[in-house]
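**Student:** Here it is, the structure, as structure tokens.
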Amino acid sequence: KNLIEIKGVRHAYKTRTGPLPVLDGLDISVPEGEFCAVVGPSGCGKSTLTRLVAGLMKPDEGEVWLDGKKVSSPRKTVGMAFQNPVLLEWRTILDNVILPLEIVAPSMPRRDRVVRAEELLEMVGLSGFEGKRPSELSGGMRQRASLCRAIVHKPSVLIMDEPFGALDNFTREDLWQTMRDLRAKEPFTAVLITHDLRESVFLGDQVVVLSGRPARTQYILDVDLPQ
Ligand code: ADP
Ligand code: ADP
């Protein structure tokens, strides 16, 4: 079953100097539980694609389906992670991770939220840091915490826009492995936007190459590597 279906999507931004075509024929299908990595040069429309999947905007043409429903407005069932994680400094790491549960599951007892957040923090190697403030952690650790926050409420889809782009090589590769470990314990469907080909092949079950001006889906590669 395909959890994400993007069919014939075309989009142009309206600008002062006229329409700016960005996407011109996007076709992507992501089966449930799979990781779709999208690579392409800067400016090719990758962030636009994430906004479409998240329901933050509508394409001029074509359709985006999530879990059997046409996307027309923002969904609680979509988790997002970005290059610069926005963690709230007035909250502890634990309370940052819990935040989506407060919004999506207001009646869930705090105890259960804490158990869930602690379980995820342990999976990404942040046990013992629950009570710290974001500024007390390294960039890599903050990104780990923000990944936990993005999936704490079990969104049906996780969208990541260059999540490791701001990290040094060593930390980044460490996080790739963390991401794989996390997936082994907690399966989720994800779209990973990156301009790092190695990252796309390491993490993606499929790699979609977007290029051209305006961009189209150019290639879809199935990655079948030993885990
Ligand atoms: P990427 O994430 O691949 O770098 P984006 O989706 O951010 O690409 O942008 C694709 C193109 O659309 C770029 O030329 C960008 O300047 C333009 N663009 C993005 N958002 C807007 C907007 N809200 N209004 C007008 N142009 C935009
Ligand atoms: P609680 O832990 O009781 O749910 P929060 O952690 O949500 O409270 O908020 C702690 C404090 O931060 C409160 O005074 C609240 O008003 C403030 N606050 C919450 N969200 C924001 C925000 N987006 N911008 C500024 N202040 C905020």
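The values are calculated or read from the model by the stated rules, or taken from the named source; none is laboratory data. Computed from a predicted model, the values in this text were never measured in an experiment. As a convention, Cβ positions derive from the backbone with ideal geometry for all residues, glycine included, and neighbour counts pool all protein chains shown.
**Student:** Name the single residue, out of those in the stretch 38-54 being assigned to a loop (DSSP other than H, G, I, E, B) and crowded, with 17+ Cβ neighbours inside 10 Å, that is nearest to ligand 2 (Cβ to nearest atom).
**Tutor:** Residues of the stretch 38-54 assigned to a loop (DSSP other than H, G, I, E, B): 40-45.
So of that shortlist, the ones also crowded, with 17+ Cβ neighbours inside 10 Å come out as 40, 44-45.
Working: 40: 33, 44: 32, 45: 30 Å.
Checked the stretch 38-54; the qualifying residue nearest to ligand 2 (Cβ to nearest atom) is 45.
Quick grid of which residues meet (1) within 21 Å of residue 28 (Cα to Cα); (2) at pLDDT below 90:
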{"residue": "184", "(1), (2)": "no, yes"}
{"residue": "191", "(1), (2)": "yes, no"}
{"residue": "194", "(1), (2)": "yes, no"}
{"residue": "200", "(1), (2)": "yes, no"}
{"residue": "208", "(1), (2)": "yes, no"}
{"residue": "213", "(1), (2)": "yes, yes"}
{"residue": "218", "(1), (2)": "yes, yes"}
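**Student:** Do the conditions hold for residue 160, that is, is it surrounded by 14 or more Cβ atoms within 10 Å (Cβ to Cβ) and touching a strand residue (DSSP E or B) at 6+ places or on another chain (Cβ under 8 Å)? Walk me through how you get there before you give the answer.
**Tutor:** Details: surrounded by 14 or more Cβ atoms within 10 Å (Cβ to Cβ): yes; touching a strand residue (DSSP E or B) at 6+ places or on another chain (Cβ under 8 Å): yes.
Judged against the criteria, residue 160 is a match.
**Student:** Is there any pair linking a residue in the stretch 76-91 that is closer than 16 Å to residue 155 by Cα to one that is of a type in the set (Ser, Thr, Tyr) and more than 10 Å from ligand 2 (Cβ to nearest atom), with Cβ under 7 Å and at least six apart or on different chains, and which?
**Tutor:** Qualifying pairs under 7 Å: 77/156; 81/146.
**Student:** Still on this structure: Go through the stretch 89-127 and give me each residue that's of a type outside the set (A, V, I, L, M) and assigned to a helix (DSSP H, G or I). Quick ask: steps written out before the conclusion?
**Tutor:** Within the stretch 89-127, the subset of a type outside the set (A, V, I, L, M) is 89-92, 95-96, 100, 102, 106-107, 109-113, 116, 118-119, 122, 125, 127.
Within the stretch 89-127, 95, 96, 100, 102, 110, 111, 112, 113, 116, 118, 119, 122 meet the criteria.
**Student:** Can you run down the residue pairs with Cβ atoms below 7 Å, 6 or more apart or on separate chains, where the first is in the stretch 99-127 and under 16 Å from residue 141 (Cα atoms) and of a type in the set (D, E, K, R) and the partner is at pLDDT 95 or above and not in a helix (DSSP H, G or I)?
**Tutor:** Pairs that qualify, where the first residue is under 16 Å from residue 141 (Cα atoms) and of a type in the set (D, E, K, R) and the partner is at pLDDT 95 or above and not in a helix (DSSP H, G or I), are 118/130.
**Student:** Tally time: how many residues in the stretch 184-227 are within 16 Å of ligand 1 (Cβ to nearest atom) and assigned to a loop (DSSP other than H, G, I, E, B)?
**Tutor:** So the answer is 5.
Condition check ((1) within 10 Å of ligand 1 (Cβ to nearest atom); (2) touching an Asp or Glu at 6+ places or on another chain (Cβ under 7 Å)) across all residues:
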site	(1), (2)
41	yes, no
54	no, no
60	no, no
65	no, yes
68	no, no
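**Student:** Right, here's the next one. What about residue 150, is it in contact (Cβ under 8 Å) with a residue 60 or more places away in the chain and either β-branched (Val, Ile, Thr) or part of a helix (DSSP H, G or I) (or both)? Talk me through it step by step, then tell me what you get.
**Tutor:** Working: in contact (Cβ under 8 Å) with a residue 60 or more places away in the chain: yes; either β-branched (Val, Ile, Thr) or part of a helix (DSSP H, G or I) (or both): yes.
So residue 150 passes the test.
**Student:** With the condition kept exactly as written, say whether any residue in the stretch 103-114 is under 16 Å from residue 144 (Cβ atoms), more than 16 Å from ligand 1 (Cβ to nearest atom) and not hydrophobic (A, V, I, L, M, F, W, C).
**Tutor:** The initial filter retains those residues of the stretch 103-114 that are under 16 Å from residue 144 (Cβ atoms), namely none.
No; the residues of the stretch 103-114 include none that is under 16 Å from residue 144 (Cβ atoms), more than 16 Å from ligand 1 (Cβ to nearest atom) and not hydrophobic (A, V, I, L, M, F, W, C).
**Student:** Further question: From the list 172, 110, pick out the single residue that is over 30 Å from residue 65 (Cα atoms), basic (Lys, Arg) and at pLDDT 95 or above.
**Tutor:** Numbers: 172 fails: at pLDDT 95 or above.
The unique qualifying residue is 110.
**Student:** I would also like to ask the following. Quick one: how many residues across the stretch 59-88 are modelled with pLDDT under 90, away from ligand 2 (no atom under 16 Å from the Cβ) and part of a loop (DSSP other than H, G, I, E, B)?
**Tutor:** 11
**Student:** Would you please name the residue that is nearest to residue 72 (Cα to Cα), looking only at residues in the stretch 1-37 that are under 17 Å from the mean Cα position of the chain (by Cα) and not in a strand (DSSP E or B)?
**Tutor:** The extreme case among them is 32.
**Student:** State yes or no: is residue 73 closer than 21 Å to residue 207 by Cβ and either surrounded by fewer than 16 Cβ atoms within 10 Å (Cβ to Cβ) or in contact with a helix residue (DSSP H, G or I) (Cβ under 7 Å, 6 or more places away or on another chain) (or both)? Break it down into steps so the answer makes sense when it comes.
**Tutor:** On the way: closer than 21 Å to residue 207 by Cβ: no; either surrounded by fewer than 16 Cβ atoms within 10 Å (Cβ to Cβ) or in contact with a helix residue (DSSP H, G or I) (Cβ under 7 Å, 6 or more places away or on another chain) (or both): yes.
No.
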